[in-house]
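Report on the following structure.
Please treat every number below as a calculation from the coordinates, not as lab data. Note that this is a predicted model, so its numbers are computed, not measured. Note that each Cβ is placed from the backbone with ideal geometry, even for glycine, and that neighbours are counted across all protein chains shown.
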């Protein structure tokens, strides 16, 4: 039925049905342009007339921009202010991990090879995001909205999403997760982002946890990793923003599992016709999920990893007025059409100073966002 849910702490957007679908984002952009031209209000025309009824495009972008997107114009749209409050929280079926792709040892070996390559003065690569996946099987079908509700209860400050992937040629499959990262939001001529890069696990002991946060703030390796992302965003947004405000240093952001380096960014558009979808396509995928330089990192990932699909992609919406919000599709997984199999992925930014075993531990911690909601653990975790 092409259902879409994006529940942020301050607002919820949910839709159902489909009027038109777009596997090519350029078609969606063209549709938005046509709506804007068709719905321009002439003098004396009522704003609530059928000719100016608001329309939105919702859906998800894949990690690799060359692959099909899952975007569509829904039949019904409900946009509410405030947090999502699920009416019920049914129990989830038992879930177990049945495969790891690659294995922990293979992931360490791959990261070791990447560190060696990144340390070679002859390479153009500066950073590559290396990811691994796990496959989970459920004893009974997992209902996407129920799983999303469980994620919300554990991560109330995250953006919880559930997106039907049928428009990308994956009928019945659903992308589900709880992400802490805003790719881009556009309201009027104002643009805001909150990129994350640089991570350390949380600690159970408060004193140890505070020390971990201080270590992240002082880590040259993590600051370098974060700087690659900020430089990319500055280069991409400077041509389309008349004003761009980027703090000189990142701040700390915490989730249940990790500390992140984060930088709140704000801008003012040069051209108010630039939509939220335009901005998402301009920025995605950032070095936070890909690496740098863009093409070399993308080639390294698509050569060495299984297809990522929508992990590391983007989820969001864009209205015919150009406003919208897009979040980074991390801390989640893709649910099969029969709702019995879930593939979850997590990655980390690899630079020349990375420690392969620490990078493995980082992916394990990030996978716990979904695993904890499912009451499931990795073998030997």
(request) Label segment 215-352 by shape, choosing from rounded, prolate and oblate, from the square roots a ≥ b ≥ c of the eigenvalues of the Cα gyration tensor; if a/c is under 1.5 it is rounded, and otherwise prolate applies when a/b is larger than b/c, oblate when it is not. (result) oblate
(message) With Cα extents along the principal axes in Å as the read-out, I listed (1) 76, 45, 40; (2) 62, 46, 40; (3) 66, 50, 41; which label goes with the value calculated from this structure?
(response) (3)
(message) Give me Rg/Rg_expected for segment 249-305, where Rg uses Cα atoms only and Rg_expected = 2.2 N^0.38 Å with N residues.
(response) 1.48
(message) Taking the square root of 5 times each eigenvalue of the Cα gyration tensor, what semi-axes in Å does the equivalent ellipsoid of segment 58-104 have, largest first?
(response) 29, 25, 10
(message) Which of 97, 328, 289 ends up with the largest GNM mean-square fluctuation for the chain, with Cα atoms connected below 10 Å?
(response) 97
(request) Taking the Cβ of each residue in 369, 303 as the centre, tally the other Cβ atoms inside 10 Å and list the residues starting with the fewest. (result) 303, 369
(message) How large is the translational diffusion coefficient of segment 114-155 in µm² per second when you combine the Kirkwood radius over alpha carbon pairs with Stokes-Einstein at 10 °C and 1.306 mPa s?
(response) 110 µm²/s
(message) What's the ranking of 121-128, 293-300, 330-337, 144-151 by average number of surrounding C-beta atoms within 10 Å, highest first?
(response) 330-337, 144-151, 293-300, 121-128
(request) Using packing as a proxy for protection, rank 157-165, 59-67 so that the peptide with the highest average count of other Cβ atoms within 10 Å comes first. (result) 157-165, 59-67
(message) Rounded, prolate or oblate for segment 154-303? Axes are the square roots of the Cα gyration tensor eigenvalues, ordered a ≥ b ≥ c, and the cut-off for rounded is a/c under 1.5.
(response) oblate
(request) Enter the Cα centre distance for the pair segment 227-304 and segment 51-119, rounded to the nearest angstrom. (result) 18 Å
(request) Among DSSP beta bridges whose residues both lie in the chain, state the antiparallel percentage, nearest 5. (result) 100 percent
(request) Measure out, as a whole number of angstrom, how far apart the alpha-carbon centroids of segment 151-210 and segment 330-381 sit. (result) 14 Å
(request) For segment 289-381, just say rounded, prolate or oblate: build the C-alpha gyration tensor, square-root its eigenvalues into a ≥ b ≥ c, call rounded for a/c under 1.5, and beyond that prolate if a/b exceeds b/c, oblate if not. (result) oblate
(request) Sum -39500 (n - 2.57) across every DSSP H segment of at least 4 residues in the chain, then divide by the residue count to get the 222 nm mean residue ellipticity, nearest 500. (result) -9000 deg cm²/dmol
